[in-house]
Amino acid sequence: MRRHIRCGQLFTGLGEGAERDQTVVTEGERIAYVGPSAGAPMVAPEDEVVDHSGHFVLPGLIDVHVHLSYGNAKTEEDIDLYAPVEFRALRGMEAAQRVLAAGFTSMADPTTSGRVTPSIRDAIDAGLFTGPRITCSGRQITNRQGLSDWYPTWIGVPETSIGVLARDANEGIAEIRTMAKDGVDFIKIAMDGDSMNPMTSVLVAGYNQEETTAMVAEAHRLGKKVVVHARGAEAVLYSARAGVDVILHAAWMDDEGLEAVVENGCMICPTFSLVVNDIDFTRPGDGCYPGFPDAHKREIEAAQRSLVKARDAGVTFLSGTDSGFAVTPYGEWHARELEHMVTYLGISPAAALRCATVNNGTFVREEGQVGALEQGRLADILVFDGDPLTDITQLQDRSRIREIILGGETINLAINPKAQRLRSEFSYEMWNQVYTQERIAEIGMNRPVAEAAE
């Protein structure tokens, strides 16, 4: 049986805009026809005709920067320490379903704890649960100057954290070989730290050029793509020279780094969402205020300079959000990344949509089979009430989603609205200030409450 989907507007991901009076025909899990309705195959008696002639039809969206094991974390300790790894996997399954319910039929997870996301991926592949198509790494490989070496040296990098400490190329290569054995889809290396970390205010690469090249070469020899976290100029340069596949962030990339990115065909995923959401949403009383949002304001300013140059140089951009933090909760802000790409890269809504569809589709494990509506590809389709080419922000309104089709099947997810978070999942901050006599006087409590009650 075939499904004939009549489209009001059709954005295939392969052109500049949307076409009218088009039909998509699916057969099983794949697309059998895409094109003008007048040229569509005849409708057989057993076929189904779906009328979306009043709607905008586009490929299922893809987010290549989601962390399913993080649990909408408020602190790094929430990510690494508190919830058992087994619980993170169960919680992460629900997170993946929230991603799918937002219209994102595929996603990539560059960094997980333990084997959480590969296990979620495999459970979905086995048909145990409904979820998006998942492409994932294991834990991120880090050195002293990279992400995941957050804690004092007397604590180190715990086994339950999202990182694994590799102090040189040999240790990194050993980890890469283990991860390849465990079935990851790609390798993630944390080449430097974060702008908001006082210890890394100067973003020094955690590995030198020789070490970086050796690790990337081994991953590629084993058939694995390489994704790096690289915000600073040095990390971007070493990564690009080594020929990594995707660079996350790249805000402080300099001209030498950009030249290497272009020469080696590296793709960049700016990941504006965490940065901009932090600036927009963080409030006085939050532990990271004002240092974190102030640092991210500087990062946005740097990114607008470096990444616009990358745009003009023809670099391919991917779309990802860093979902999994308290300011980027699952299912909420994935489509906002497209608005940020329009705003900060100066690209068109159509170009932003291509980043989240056909461009992202070149990275995931179903490479060339998702991200575009074309005969022979997997039938991952989003039906939307609106026109995101006119107003890209409409995609953030999930009430406009009319149908999500994954592998030719309509998805109807019933995520439990009563699901709660456990106190044990989060670090326990009892107070956010020290109550000296001076502070008590400042807030108008000149005597203890118990005494005043008497």
Checking residue 292 against (1) in a helix (DSSP H, G or I); (2) at pLDDT 95 or above, which test does it fail? (2)
Return a yes/no flag: does the stretch 3-16 have any residue that is modelled with pLDDT under 95 and either out of contact with any Ser or Thr (no Cβ under 9 Å at 6 or more places or on another chain) or not β-branched (Val, Ile, Thr) (or both). yes
Among the numbered conditions (1) within 16 Å of the chain's Cα centre (by Cα); (2) without any contact (Cβ under 8 Å) to a residue 12 or more places away in the chain, tell me where residue 331 comes up short. (2)
Where residue 400 falls short, out of the listed (1) in contact with a strand residue (DSSP E or B) (Cβ under 8 Å, 6 or more places away or on another chain); (2) free of Cβ contacts under 8 Å to residues at least 60 places away in the same chain; (3) buried (at least 18 other Cβ atoms within 10 Å of the Cβ): (3)
Under 6 Å by Cβ, and 6 or more places apart or on different chains, what pairs join a residue from the stretch 117-132 that is farther than 13 Å from residue 185 by Cβ with one that is assigned to a loop (DSSP other than H, G, I, E, B)? 123/129; 124/131
Is it true that residue 138 is within 18 Å of the chain's Cα centre (by Cα), farther than 28 Å from residue 250 by Cβ, assigned to a loop (DSSP other than H, G, I, E, B) and in contact (Cβ under 8 Å) with a residue 24 or more places away in the chain? no
Residue within the stretch 156-167 that is closer than 24 Å to residue 122 by Cβ and in a strand (DSSP E or B) present: yes
Given the conditions (1) within 24 Å of residue 337 (Cα to Cα); (2) in contact with a Ser or Thr (Cβ under 6 Å, 6 or more places away or on another chain); (3) not β-branched (Val, Ile, Thr), and given that residue 56 satisfies all but one, which numbered condition is not satisfied? (2)
Kindly indicate the residue of the stretch 411-433 that is among the charged types (D, E, K, R) and in a loop (DSSP other than H, G, I, E, B) and also modelled with the highest pLDDT among those meeting that condition. 418
State whether one or more residues within the stretch 322-343 are in a strand (DSSP E or B) and out of contact with any Lys or Arg (no Cβ under 6 Å at 6 or more places or on another chain). yes
Cβ pairs under 9 Å, 6+ apart or interchain, first in the stretch 153-164 and within 11 Å of residue 77 (Cβ to Cβ), second among the charged types (D, E, K, R) and assigned to a loop (DSSP other than H, G, I, E, B), ordered by first then second residue, are 161/139
Name the residue that is farthest from the chain's Cα centre (by Cα), counting only residues in the stretch 1-39 that are buried (at least 19 other Cβ atoms within 10 Å of the Cβ) and assigned to a loop (DSSP other than H, G, I, E, B). 18
Among the residues of the stretch 234-272 satisfying the criterion of being in a helix (DSSP H, G or I) and small (Gly, Ala, Ser), which is surrounded by the most Cβ atoms within 10 Å (Cβ to Cβ)? 239
So for the stretch 199-206 (the condition being in contact with a helix residue (DSSP H, G or I) (Cβ under 9 Å, 6 or more places away or on another chain), closer than 30 Å to residue 288 by Cβ, touching a residue at least 40 places away in the same chain (Cβ under 8 Å) and of a type in the set (Ser, Thr, Tyr)), does at least one residue qualify? no
Only one of 77, 94 is outside any strand (DSSP E or B) and modelled with pLDDT under 95. Can you tell me which? 77
Take the stretch 97-123 and flag every residue that is part of a helix (DSSP H, G or I), buried (at least 19 other Cβ atoms within 10 Å of the Cβ) and among the aliphatic types (A, V, I, L, M). 99, 100, 101, 116, 120
Does residue 203 satisfy being aliphatic (A, V, I, L, M), in a helix (DSSP H, G or I), within 23 Å of the chain's Cα centre (by Cα) and surrounded by 15 or more Cβ atoms within 10 Å (Cβ to Cβ)? no
State yes or no: is residue 332 more than 12 Å from residue 105 (Cβ to Cβ) and either β-branched (Val, Ile, Thr) or surrounded by 24 or more Cβ atoms within 10 Å (Cβ to Cβ) (or both)? no
Any hit, the stretch 187-196, residues being within 24 Å of the chain's Cα centre (by Cα) and farther than 30 Å from residue 294 by Cβ: yes
Regarding residue 180, is this residue of a type in the set (Gly, Ala, Ser), at pLDDT 95 or above and either under 25 Å from the mean Cα position of the chain (by Cα) or part of a loop (DSSP other than H, G, I, E, B) (or both)? yes
For the stretch 341-368, which residues satisfy the criterion of being of a type in the set (S, T, N, Q), surrounded by fewer than 19 Cβ atoms within 10 Å (Cβ to Cβ) and closer than 27 Å to residue 3 by Cα? 362
In the stretch 42-71, what residues are in contact (Cβ under 8 Å) with a residue 12 or more places away in the chain, outside any strand (DSSP E or B) and surrounded by fewer than 22 Cβ atoms within 10 Å (Cβ to Cβ)? 43, 44, 46, 47
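The values are calculated or read from the model by the stated rules, or taken from the named source; none is laboratory data. None of the values given here were measured: they were computed from a predicted structure. Quick reminder, even Gly has a Cβ in these numbers, built from the backbone with ideal geometry, and neighbours come from all protein chains shown.
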